[in-house]
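The values are calculated or read from the model by the stated rules, or taken from the named source; none is laboratory data. Treat the numbers as computed from the prediction; the structure is a model and nothing was measured. No Cβ is skipped: glycine too gets one built from the backbone with ideal geometry, and neighbour counts run over all protein chains shown.
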Amino acid sequence: MSCPVFRLLSIAALLFSSWCAADESSSGNPLSLEEALRLATDQQPMLEAQASAVAAAEQTAAAAGELPDPELMFGIADVPIDGSDQFSLRRDNFTETQIGLTQEFTRPEKRRLRRLRGNDVAAVANAELESMALEIRRDTALAWLEVWWRQRAAELATGTATAADLQVQALDIAYTAGRATQADVLATRVTLELLRDDVSDLEQKGNDARSGLSRWIGSAADRPVPAELPSWSAPRALADLLGESHIHPLLTITARQAIVAADDVRLAKAAYKPDWTVGVYYANRIEYADFFGVNFTVGLPMFTADRQDRSLAAGLEQKNRAEQLHEDLERQHTAQIRQSFSNWQSLQERIARYDSNILPQGVRRTEATRLAWQSGQGTLAAVLDARRVDLENHLKRLQLERDAAAARIALQYLAGEQP
């Protein structure tokens, strides 16, 4: 079975496979990761909504420290309802028409604490905005990475299937000439169809991945992505990542929530001291002298066990809850950094193993089976099986590269860095 035509077909298949791999990256306007991240954050409804929440919290904080609005009081007092002066506004010297203003003077310490609490609530909202922006960039990067992995896998499978198809066509010619058996033809066709099914499966999963990316960037997700991943530098040392983990926006949120809970405790303590209300009024009597008056009202916290004490106890429990949740999130965050860092290191070692041993041996095996087939000492089915195993190895290596990139993106997110 050794003849120049088989060598020409093999060379053509390899050239075609290489052309397929290079064609995508050279096609017009590929969607880079940087552009995908920009599209995901520009005019992002979630970010705009949270920015409005921050602005609302800041406005609320400014208003929280102000005095209550004054109240206008007006009415008629001491109108007789029986006797000769019944319902008269003129004849009884006690009947008067009143108008006045009442102002509650909240204690300055309470107003200061309310303003402080409002500022801390606004700080929570701002930290949530920063955290949301990081999460959107992380999720977009992971969705883009999934598209890249599926596209590259489909390219590899397509190249392998194309080369196998050319060799199956050559075997059909050999079978027609009586130089191959029907069993050889059937076996190779089954293997070819399995390769084509792999291509279809990868293309389907690639469409699913693009649908996931469209959640963040819309129709731009349909564009091809570059053939190579961005060049990421190695992550910082684990000790550095752990030492700065507390500045992550997620931890800032829970830390600020604990501060808000502490503000509530201080406000509950301030409630033991009552506020004052001052009212002034002017009373007009039609036939008699007019009056002017001032009155003062002060609360009497006589039953603190049923109200102030319970409010303070509730505030202390909420403060403890917020502090414990913050500590738990710190532990969780630290564990995620350790896990992502360990995964990234392990994946780098596995990728190196594939590059130095597994993939070169797979290529040599495929070449050996091809030479054996051309020399008449092997079968094309063995060649296609070797190609399929080699494809699986390349796909596995590609998946490891995807997983390593995902771990690197996770580390960037956990470190509070932009992908």
Self-check item: Some residue of region 267-278 being aromatic (Phe, Trp, Tyr), free of Cβ contacts under 8 Å to residues at least 60 places away in the same chain and either farther than 27 Å from Arg402 by Cα or exposed (fewer than 14 other Cβ atoms within 10 Å of the Cβ) (or both)
Solution: yes
Quiz item: Which of (1) part of a helix (DSSP H, G or I); (2) at pLDDT 90 or above; (3) not charged (D, E, K, R) is the odd one out, the single condition Thr188 does not satisfy?
Solution: (2)
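Working only within region 29-69, note down all residues that are part of a loop (DSSP other than H, G, I, E, B) and not small (Gly, Ala, Ser).
Just the residues of region 29-69 that are part of a loop (DSSP other than H, G, I, E, B), to begin with: 29-32, 42-44, 65-69.
Result: Asn29, Pro30, Leu31, Asp42, Gln43, Gln44, Glu66, Leu67, Pro68, Asp69.
Could you please let me know if Glu58 is touching a Gly at 6+ places or on another chain (Cβ under 9 Å), within 30 Å of Phe292 (Cβ to Cβ) and at pLDDT 90 or above?
Working: touching a Gly at 6+ places or on another chain (Cβ under 9 Å): yes; within 30 Å of Phe292 (Cβ to Cβ): no; at pLDDT 90 or above: yes.
No, not satisfied.
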Quiz item: Using beta carbons and a limit of 6 Å, which pairs, at least six apart or on different chains, have the first residue in region 310-331 and more than 25 Å from Leu414 (Cβ to Cβ) and touching a residue at least 12 places away in the same chain (Cβ under 8 Å) and the second one acidic (Asp, Glu) and in a helix (DSSP H, G or I)?
Solution: Gly315/Asp264
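Can you confirm whether Gln361 is at pLDDT 95 or above, farther than 28 Å from Gln182 by Cβ and surrounded by fewer than 16 Cβ atoms within 10 Å (Cβ to Cβ)?
On the way: at pLDDT 95 or above: no; farther than 28 Å from Gln182 by Cβ: yes; surrounded by fewer than 16 Cβ atoms within 10 Å (Cβ to Cβ): yes.
In short, no.
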Quiz prompt | Pro274, sole failed condition from (1) part of a helix (DSSP H, G or I); (2) farther than 30 Å from Glu349 by Cβ | solution = (1)
Exercise. Output the number of residues of region 39-55 satisfying the condition of being farther than 13 Å from Ala127 by Cα and either in contact (Cβ under 8 Å) with a residue 12 or more places away in the chain or crowded, with 16+ Cβ neighbours inside 10 Å (or both).
Key: 5
Quiz item: Applying the selection to region 198-250, what residues are over 18 Å from the mean Cα position of the chain (by Cα), in contact (Cβ under 8 Å) with a residue 60 or more places away in the chain and outside any helix (DSSP H, G or I)?
Solution: Arg223, Pro224, Val225, Pro226, Ala227, Glu228, Leu229, Pro230, Trp232, Pro235, Arg236, Glu244
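Out of Ala404, Ala386, which single residue is out of contact with any Phe, Trp or Tyr (no Cβ under 9 Å at 6 or more places or on another chain) and either under 30 Å from Ala127 (Cβ atoms) or buried (at least 19 other Cβ atoms within 10 Å of the Cβ) (or both)? Talk me through it step by step, then tell me what you get.
On the way: Ala404 fails: out of contact with any Phe, Trp or Tyr (no Cβ under 9 Å at 6 or more places or on another chain).
Selected residue: Ala386, the only one of Ala404, Ala386 that is out of contact with any Phe, Trp or Tyr (no Cβ under 9 Å at 6 or more places or on another chain) and either under 30 Å from Ala127 (Cβ atoms) or buried (at least 19 other Cβ atoms within 10 Å of the Cβ) (or both).
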Quiz item: Within the set of pairs 6+ apart or on separate chains, which have a first residue in region 365-389 that is outside any helix (DSSP H, G or I) and at pLDDT below 80, a second that is buried (at least 17 other Cβ atoms within 10 Å of the Cβ) and of a type in the set (Val, Ile, Thr), and C-beta atoms under 6 Å apart?
Solution: Gly378/Thr369
Quiz item: Where residues in region 81-94 are surrounded by 13 or more Cβ atoms within 10 Å (Cβ to Cβ) and in contact with a Pro (Cβ under 7 Å, 6 or more places away or on another chain), which of them is modelled with the lowest pLDDT?
Solution: Asp92
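Identify, please: which residue in region 257-277 is of a type in the set (A, V, I, L, M) and within 29 Å of the chain's Cα centre (by Cα) and is, among those, nearest to Glu66 (Cα to Cα)? Give the derivation first.
We begin by selecting, within region 257-277, every residue of a type in the set (A, V, I, L, M); these are 258-262, 265, 267-268, 270-271.
Now narrow it down to the ones that are within 29 Å of the chain's Cα centre (by Cα): 258-262.
On the way: Ala258: 24, Ile259: 21, Val260: 19, Ala261: 21, Ala262: 21 Å.
Looking at the filtered set, the residue picked out is Val260.
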Quiz item: In the list Ala407, Ala386, which residue meets the criterion of being aliphatic (A, V, I, L, M) and over 30 Å from Asp165 (Cα atoms)?
Solution: Ala407
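Among Leu113, Leu14, Leu8, Leu72, which is the only one that is in a helix (DSSP H, G or I) and at pLDDT 80 or above? Walk me through how you get there before you give the answer.
Numbers: Leu14 fails: at pLDDT 80 or above; Leu8 fails: at pLDDT 80 or above; Leu72 fails: in a helix (DSSP H, G or I).
The match here is Leu113.
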Exercise. Kindly provide the set of residues from region 372-383 that are surrounded by fewer than 19 Cβ atoms within 10 Å (Cβ to Cβ) and either among the hydrophobic types (A, V, I, L, M, F, W, C) or touching a strand residue (DSSP E or B) at 6+ places or on another chain (Cβ under 6 Å) (or both), ordered by number.
Key: Ala372
Self-check item: Of the criteria (1) in a loop (DSSP other than H, G, I, E, B); (2) surrounded by 14 or more Cβ atoms within 10 Å (Cβ to Cβ), which one Gln318 fails
Solution: (1)
Quiz prompt | Failed item in (1) more than 30 Å from Leu145 (Cβ to Cβ); (2) assigned to a loop (DSSP other than H, G, I, E, B), with Ala258 passing the rest | solution = (2)
Self-check item: Which listed residue, of Thr297, Thr254, is among the hydroxyl-bearing types (Ser, Thr, Tyr) and buried (at least 18 other Cβ atoms within 10 Å of the Cβ)
Solution: Thr254
